[in-house]
């Protein structure tokens, strides 16, 4: 009886338990691992779908400024700032004849924004024009549209000839800008 | 180590193979398959006296016994296991029939021998120990055997309560090999071997019953190859086997008979029952005994002789059976002791009480003792039902385990298929990575745009500052401007140094100087009214789409004009505009305003 009991315990319990137990444990581990992997992929897919939607929203939001973004970055870049300012001033004045407006001073100096330290270090641009009111206004509009990073610190307008109205006379103007940059 | 392990494993494997043969499901589920031969549904009774074989079948049908003639078997056939198997299949119903419901009971009336029991087992009360010991180590119970344990010679002990002694009988089992073959797992026939003379003695005691109490009896069971003498007075007093030794009767029957009865004092009053158990007439014993008594002048006046014939035995036994027993079918009365065991009472354990009734019960039980080997090796060879059920349960468990394994594999496969059916698994990681990069880039661009859109919101532009002046002082002959000075300054100078990392409020100031008429003077005075000035600012804000001019929330504006008479009226214009003025307009943007000066952190390019 003991012999049979031992034989049964070995061949019907221990060995089958081993032969079945190992694959069962293996399958359990594989199932758990695959489920975890599948869950991760599903989560990744959901994130992907969500992100795709977010990308569409972002593209939609950026659409109006997409073309202006390179220009904005270019304007805000600290490198080669003087040349860019020169080009901007020249571009603003090119529509007018020297009789209407002419630039008499362009000076760029490094320095902090005197009004608010939060702007940090930057460049300060000093301009002097001689011209009539309307060309002066339009040139300023043109320049400040092209260079939105120009913050007007001060403006001084002085008549150079007689006249009762500011826009009817030839004017001497001094403009001082703080040039905002990224660095 | 492997030299020891491999043989052990080999032995276990062999034992396991055998166990599996015994543990068939149909066998395990049938309780009868684990019962003895006597309890099987079909019992094949074989009576063998050394020369002749009688074959009888007894089936249990609806609780009653049905007797029929068994297959014809010769003495030589009993030694042939193949023939025995064929006969068994014939009984069971065909070549493919299940033999496990068949029990073979061999009633042996051949080669019986009496042995002397050691004193340690001689007391009848030691019977329980004796019957266990005699199966495994007969040499420890029977005198003169030594350590011999030959399986083909089986001893059993018989407690004689009246004389308070135990005797032993031996049967030679020349048919053992063939019978044992039938008990192999593939056939699973149950076999029992009963001692025919003991069965016959039990039957005779039952038949005589109360008559045994009137006076002592002596039963002489006259078989063809031996005669058994059993004197009885308040119980069986002795059992004496007298072999015939190729003669018709025992060689010294008279001597043996008188030497048995004289010491017991039974000759003065005794009934001698001569029972014909073989093929010869029992009157032959009487003739021998009679001539011996005359020759040796034995006093036999008290001896009453009864010679039984078989008809009287059958007639007597038919009464308790409740139906007439056909001697031609049943053939041997010894068969009845096992089949009608209830005749001997319901007790299953031997009692050691003295008396006729206890003796009949005792002989009834002892007559059913099997001489089939029952040593430890034989017992271990049989698979108990509990282990068979365990083996079967584990087998079922194994199948369930395999099913579970397959189910688990199926679930895994289903999960894999289900997962790959969706889009999630098809999504390449480089797409995700690319998309993530794209998202980060776009998000950074948006943040960049938002940040710089806020930072670069128009706060102070020359063109709007100049346009504001025209709105403030529209073209008119009553006011002439000489100079305009615009500047930006901190709203609170004290805070400027401390709050480098907080948005800052600021003030915009226009200082306009010039000359004016009386009417212009009035116009300048109206500008000092806050409502009028606010309206001008708001108008500019709306017209130029420049929110910095809008006077809302906590933004404030104020205008201060100073007008005085111009003492130097040198020309015509001066005469028409006799006053000189200075107008100061201030707009304050507080630090908590949306257009307050922002903190421009050191940004990184997207």
Among the residues of region B:26-50, write down those that are more than 25 Å from residue B:371 (Cα to Cα) and within 14 Å of chain A (Cβ to nearest Cβ). B:28
Taking the criterion of being assigned to a strand (DSSP E or B), at pLDDT below 95 and under 29 Å from residue A:141 (Cα atoms), would at least one residue in region B:562-575 satisfy it? no
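Select, from B:387, B:391, B:427, B:442, the only residue that is surrounded by 19 or more Cβ atoms within 10 Å (Cβ to Cβ), within 28 Å of residue A:60 (Cβ to Cβ) and within 10 Å of another protein chain (Cβ to nearest Cβ).
On the way: B:387 fails: within 28 Å of residue A:60 (Cβ to Cβ); B:391 fails: within 28 Å of residue A:60 (Cβ to Cβ); B:427 fails: surrounded by 19 or more Cβ atoms within 10 Å (Cβ to Cβ).
From the options B:387, B:391, B:427, B:442, the qualifying one is B:442.
Can you find a residue in region B:7-19 that is surrounded by fewer than 14 Cβ atoms within 10 Å (Cβ to Cβ), part of a loop (DSSP other than H, G, I, E, B) and within 40 Å of the chain's Cα centre (by Cα)? So that I can check it myself, show each step before the final result.
Taking region B:7-19 as the starting set, the residues that turn out to be surrounded by fewer than 14 Cβ atoms within 10 Å (Cβ to Cβ) are B:7-8, B:10-11, B:13-14, B:17.
If we keep only those that are part of a loop (DSSP other than H, G, I, E, B) as well, we get none.
The answer is no; no qualifying residue exists.
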All positions within region B:175-198 that are more than 39 Å from the chain's Cα centre (by Cα) and assigned to a loop (DSSP other than H, G, I, E, B): B:175
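Hey, among the residues in region B:445-458 that are touching a residue at least 60 places away in the same chain (Cβ under 8 Å) and surrounded by 14 or more Cβ atoms within 10 Å (Cβ to Cβ), which one's nearest to residue A:145 (Cα to Cα)?
Initial filter on region B:445-458 (touching a residue at least 60 places away in the same chain (Cβ under 8 Å)): B:445, B:447-448, B:451, B:454-455, B:457-458.
Cutting the leftovers down to surrounded by 14 or more Cβ atoms within 10 Å (Cβ to Cβ) gives us B:445, B:448, B:451, B:455, B:457-458.
Details: B:445: 21, B:448: 19, B:451: 18, B:455: 15, B:457: 11, B:458: 10 Å.
Filtering region B:445-458 for residues that are touching a residue at least 60 places away in the same chain (Cβ under 8 Å) and surrounded by 14 or more Cβ atoms within 10 Å (Cβ to Cβ), the one nearest to residue A:145 (Cα to Cα) comes out as B:458.
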When every residue in region A:145-183 that is at pLDDT below 85 and part of a strand (DSSP E or B) is compared, the one farthest from the other protein chains (Cβ to nearest Cβ) is A:170
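Please note which helices (runs of 4 or more DSSP H) are completely contained in region B:311-384 and include at least 2 residues that are under 30 Å from residue B:16 (Cα atoms).
Filter on region B:311-384 gives B:376-381.
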I'm trying to understand the selection: among the residues of region A:31-85, which are within 30 Å of residue A:111 (Cβ to Cβ) and outside any helix (DSSP H, G or I)? A:77, A:78, A:79, A:80
Taking the options B:228, B:242, B:203, B:212, name whichever one is in a strand (DSSP E or B) and in contact (Cβ under 8 Å) with a residue 24 or more places away in the chain. B:228
Can you confirm whether region A:28-44 contains a residue that is modelled with pLDDT of 90 or more, within 10 Å of chain B (Cβ to nearest Cβ) and more than 21 Å from residue B:426 (Cα to Cα)? yes
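Would you check if residue B:115 is touching a residue at least 40 places away in the same chain (Cβ under 8 Å), farther than 30 Å from residue B:395 by Cα and outside any helix (DSSP H, G or I)? Full working, then the answer.
Numbers: touching a residue at least 40 places away in the same chain (Cβ under 8 Å): yes; farther than 30 Å from residue B:395 by Cα: yes; outside any helix (DSSP H, G or I): yes.
Answer is yes for this residue.
The values are calculated or read from the model by the stated rules, or taken from the named source; none is laboratory data. Here the structure is a predicted model, which is why all the values come from computation and not from measurement. A quick note on method: Cβ atoms are made from the backbone with ideal geometry, for glycine too, and the neighbour counts reach across all protein chains shown.
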